[in-house]
Amino acid sequence: MQNQFENALQQLDKAAKVINLEEEVLTQLRTPDRILQIKVPVVMDDGSLKNFEGYRVQHNNWAGPYKGGLRYFPSVDLNEVKALALWMTIKCSVAGIPMGGGKGGITVDPKKLSPGELERMTKSFARALAPNIGAQVDVAAPDVYTNGQIMAWILDEYTKITGKEELALITGKPMERGGSAGRDRATAMGAFYVLKALLEKINLNVFETAIAIQGFGNAGGVMAELCFADGIKVVATSDSSGGIYNEAGLNIAALMKHKQSTGAVTGFSGATSVTNEALLELPVTILIPAALENQITGANAERIKAKYIIELANGPVTPEGDEILAKNGIKSVPDVLANSGGVTVSYFEWEQNIKNEKWTEADVFVKLKEIIVPAFEDVWNKHLDKQIDLRTAAFARALEKLRSLWYNDVRKKFNN
Ligand code: NAD
């Protein structure tokens, strides 16, 4: 099993070298500010008591409150959460939003819980988190297998404890509880703007582009819809049940209906089945991993035939995988840029709550585009200037901004 945090540190160190980052700044960024390891007791439906393992890692808050999702998944562990928190710091800095990096989760398969158990587990987690979170301290959001309902339960429990409702405590809330228009589609929308900007750079039109998307959830499914609506061929996609492939392109609107009625993408008519491993190796223009970490590694990177990768998932390519892709001339738009639409619109939700405003979806997407396209340009230029891969360029730009926060502001606090 790959150590995610070691991977994240390797990426950090590599970029630090490119910009000659001072040792003291790097040292601060290599270690999270705070790690909360939390016992989450829950009374199960059968009356027994079960303890789940929960985490919240607050990595860095130089730019603003810690910000990052909560993940409910069986493979969640401290190393994964630490890596994801570090990536959030970098991601917010790449996008240039005034938020820091954090992440949390519970080691659990939520599909095996009843709705009541899920609610009690979430509220138990919220009670343990309460002393260390807050709208100006640490702002959580949904991630894999968590959603707006779960965020609303956390808000409810926090409100019960503090006695006042602080909507900006958490983002990704349902609309009627102060959520932002467009949040559900924000991650994919951001990646779609990045995709269009990339196609422009490489002079490809939408009709010459074939895409494979691993994962058909919140991020991957919406990305597939946006591509399909724009005339871009999505030839393959998958979920935890397996994958499907049609060289001529899948009808994503029909596939959405199929997934809604059967719960899976497999069994869709007009497509052949393909394993999740084989999907990654299809001859496409652009491969979009949108499910889990560590999908492209030293073991399979040599077989990747896509010319470009857009990382919609967090951490889908390992450092060994990166090296092989670079050697073979395959460019990867890194997660810290490609999926930053999610945290950017989360920040918009936080801002709307703080200012007591409500923005329309159209406003939200215009503002998102105004942030993510220049961020892409900035990273693209850095990679050309320094002749480095896009991930290192994104980290380098993030570190330059963090360095100036450290020297212009944060460091002074430790000098009195
Ligand atoms: P999700 O739970 O909505 O969807 C995950 C998808 O992956 C599902 O379709 C699931 O069936 C599929 N999947 C699970 N195991 C798989 C496997 N072994 N092979 C192929 N597919 C598999 O989650 P999401 O929100 O879409 O998140 C997906 C990725 O995007 C994660 O890495 C997440 O951290 C990242 N991300 C999401 C957001 C967001 O706003 N949703 C923001 C930034 C990053």
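If I build a Gaussian network model for the chain, linking alpha-carbon pairs within less than 10 angstrom, which residue out of Arg120, Arg183, Arg71 has the largest mean-square fluctuation? Maximum among the listed residues: Arg120. Over region 19-174, the ratio between the Cα radius of gyration and 2.2 N^0.38 Å evaluates to 1.05. Each label point was placed 7 Å from the Cα along the Cα-to-Cβ direction; for Ala264 and Asp45 their separation is 2.2 nm.
The 3J(HN,Hα) values that the Karplus relation (6.51, -1.76, 1.60; θ = phi - 60°) gives for region 401-408 are, in residue order, 5, 5, 4, 5, 4, 4, 6, 7 Hz. Gly and Pro appear as x. For the chain, the mean residue ellipticity at 222 nm estimated from helices alone is -15000 deg cm²/dmol, where every DSSP H run of n ≥ 4 contributes -39500 (n - 2.57) and the total is divided by all residues, rounded to the nearest 500. Among Glu166, Glu320, Glu24, the residue with the largest mean-square fluctuation in a Gaussian network model of the chain, with springs joining Cα atoms closer than 10 Å, is Glu24.
Taking θ as phi - 60° and the Karplus parameters 6.51, -1.76 and 1.60, the scalar couplings of region 170-187 work out to 8, 10, x, 6, x, 3, 6, 10, x, x, 9, 4, x, 4, 4, 9, 5, 5 Hz in sequence order, x denoting glycine and proline. Computed over the chain, the alpha-carbon pair-distance distribution with 10 angstrom bins reads 5, 23, 33, 27, 11, 2, 0, each value a whole percent. Stretched out straight at 0.36 nm per residue, the stretch from Arg177 to Ile354 would grow longer than its current Cα-Cα span by 62.4 nm. For Met175, the solvent-accessible surface with a 1.4 Å probe is about 100 Å², rounded to the nearest 10. Amide H contacts under 5 Å for Lys233: Thr209, Ile211, restricted to partners 5 or more places along the chain or on a different chain, H placed in the peptide plane at 1.01 Å from N. Look at where the Cα atoms of region 103-171 and of region 283-334 average out, and the two centres are 33 Å apart. Relative contact order of region 186-338: 21 percent, from C-alpha pairs under 8 Å at least 6 residues apart in sequence. The candidates Ser273, Ser340, arranged from most to least accessible area with a 1.4 Å probe in the full protein assembly, appear as Ser273, Ser340. For the chain, the antiparallel share of DSSP beta bridges with both residues in that region comes to about 50%. Take the chain, connect every pair of alpha-carbon atoms lying under 10 Å apart with a spring to form a Gaussian network, then pick out the residue of Gly54, Gly220, Gly242 with the largest mean-square fluctuation. The residue that fluctuates most here is Gly242.
If you take the Cα centroid of region 232-247 and the Cα centroid of region 62-96, the two points sit 28 Å apart. Spin-label model, Ala362 to Lys111: label points 7 Å out along the Cα-to-beta-carbon direction sit 4.0 nm apart. Per residue, the Cα convex hull of region 284-416 amounts to 156 Å³.
Heavy-atom accessible surface of the chain, averaged per residue, reaches 40 Å², computed with a 1.4 Å probe.
For the pair Glu6 and Glu247, label points projected 7 Å from Cα toward Cβ lie 4.1 nm apart. Extension gain for the segment Glu200 to Asn147, taken as residue separation times 0.36 nm less the Cα-Cα distance, is 15.7 nm to one decimal.
Here region 234-355 carries DSSP beta bridges of which approximately 55% are antiparallel, counting only pairs with both residues inside. Judged by the mean number of other Cβ atoms found within 10 Å, the most tightly packed of the peptides 361-368, 32-39, 211-218, 144-151 leads the ranking 211-218, 144-151, 361-368, 32-39. Every Cα-Cα pair of region 266-345 was included, and the share exceeding 20 Å stands at 31 percent. For His258, His59, the ranking by accessible surface with the largest value first comes to His258, His59, using a 1.4 Å probe.
Shape descriptor for region 186-338: Rg over Rh equals 0.93 (Cα atoms; Rh from the Kirkwood inverse mean 1/r). Computed over protein heavy atoms with a 1.4 Å probe, the carbon and sulfur contribution to the accessible area of region 231-304 reaches 52%.
In percent, what relative contact order does region 273-416 have, based on Cα pairs under 8 Å that are 6 or more apart in sequence? Rounded, it is 17 percent for region 273-416. Taking every alpha-carbon pair under 8 Å whose residues sit at least 6 apart, the chain reaches a relative contact order of 16 percent.
The values are calculated or read from the model by the stated rules, or taken from the named source; none is laboratory data. Nothing here was measured: the structure is a model prediction, and the numbers come from that model. In this analysis, Cβ positions are derived from the backbone assuming ideal geometry, glycine residues included, and neighbour counts consider all displayed protein chains. Remember, those area values only see protein heavy atoms, side chains included, never the ligands or the DNA or RNA. Shrake-Rupley method; radii C 1.70, N 1.55, O 1.52, S 1.80 Å.
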